[in-house]
1. Highest mean first, how do 222-228, 145-151 rank when packing is the count of other Cβ atoms within 10 Å averaged over residues?
2. Using a basic spin-label model with each label point 7 Å from the Cα along Cα→Cβ, how many nm lie between residue 40 and residue 27?
3. Place a label point 7 angstrom from the Cα of residue 63 along the Cα-to-Cβ direction, then list the residues of the range 245-276 whose backbone nitrogen is under 15 Å away.
4. Pull out a ≥ b ≥ c, the square roots of the eigenvalues of the alpha-carbon gyration tensor of the range 22-161, then state rounded if a/c is under 1.5, prolate if not and a/b is larger than b/c, and oblate in the remaining case.
5. Along Cα→Cβ, 7 Å out, is where each label goes; now give me the distance between the ones at residue 201 and residue 276 in nm to one decimal.
6. Run the numbers for residue 245 and residue 99: contour at 0.36 nm per residue of separation, minus the present Cα-Cα distance, in nm.
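No lab work stands behind these numbers, since they all come straight from the coordinates. None of these values were measured; they are calculated from a predicted model. Glycine also receives a Cβ, built like all others from the backbone with ideal geometry; neighbour counts cover every protein chain displayed.
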Ligand SMILES: C[S@@+](CC[C@H](N)C(=O)[O-])C[C@H]1O[C@@H](n2cnc3c(N)ncnc32)[C@H](O)[C@@H]1O
Ligand code: SF4
Ligand code: SF4
């Protein structure tokens, strides 16, 4: 019985039949909807916010969401700007769920309150990505565990699957390992990924030492293979390593087809970097299919959700088999540990939520609950040394 429970926990999030359909038909799998351009922060690497624009109305958002669903899209990722600044975000989540979307939301976490988490959960939100770049804030990015860690407590017993994603650049790299350890040690699938390529030089950040970045990326691949909860698939980690080494990678971008973006003005975008002036209400399935082609912006592309979906569409068996192998390894390790200690892990799995790019989400392991007791400790060095999971959980 407990083996079955473990297997369900590890693999339950895959809606395999539904997802498999999208690999063979011409309909889209996922849309990222900018619910607003407005943001309460100003990360130096970000070009995706604009506080001069008003929030779109809930009526417009619902109209666009209905259209996106009518195109056959299965999953919707609510992004921004900062989605939690939109006054009607809970109503929008509820509507997305009512019309059948698997629904996720990406947030910097600053506006999370216990009440907001409960309201989002009640509205049916399945997955939340909290972005955390560092242990402590810096002039480049304020998204740090110092702010987010106390808020993780709100997810105790929540049905919302949680995962953490950080951006790696020169400013964050010295703390990226600690961010990873802090997330993983609490049983939260965690990922850190390279800052996007910056062809138009709009970011106010440097990328950092290539050697250090390569070494870090290699360690992520090893840990993923060993079954750790790195919230991304191996294919996308390998892709990032190739980017760093400037090695060629042959792939066909499916942005604008299997996944697409809709701006906070309702415009159809292929991805966060490639915009069009066409309104989502005018888009047809033929328009989408016309975007199934190699694109002149592919070289160095850092829109990892688009690359990841494209790699899965291209080689579904290979990418999914590797992910399944990694999780099976974790399952085995956990059971071996449980046999030794006589206790089974209590890490709840996710709940059918969209986990773009073969990622995963988690609810809290009861033995690794977040703590509010040390929000001011020196978190900068936390997690630098490899430690047993439970010890690491006490570090921050
Ligand atoms: C644009 S933000 C919107 C949601 C929310 N404000 C947040 O920060 O999570 C969505 C995600 O894109 C990431 N992001 C923004 N600019 C990026 C860049 N230049 N390179 C890599 N990731 C980036 C953010 O860190 C975040 O995880
Ligand atoms: S919090 Fe998100 S949207 Fe706001 S500036 Fe940072 S990355 Fe951009
Ligand atoms: S190659 Fe990258 S930047 Fe170009 S459309 Fe595809 S995802 Fe967007």
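1. On the way: 222-228: 16.3, 145-151: 21.1.
Order by mean packing, descending: 145-151, 222-228.
2. Modelled inter-label distance: 3.6 nm.
3. Once the point is set 7 Å along Cα→Cβ of residue 63, 263-268 turn out to lie under 15 Å by backbone N, inside the range 245-276.
4. Values: a/c = 1.74, a/b = 1.43, b/c = 1.22.
Because a/c hits 1.5 or more and a/b exceeds b/c, the range 22-161 counts as prolate.
5. Taking the simple label geometry, residue 201 and residue 276 are separated by 3.1 nm.
6. Length gained, residue 245 through residue 99: 48.2 nm.
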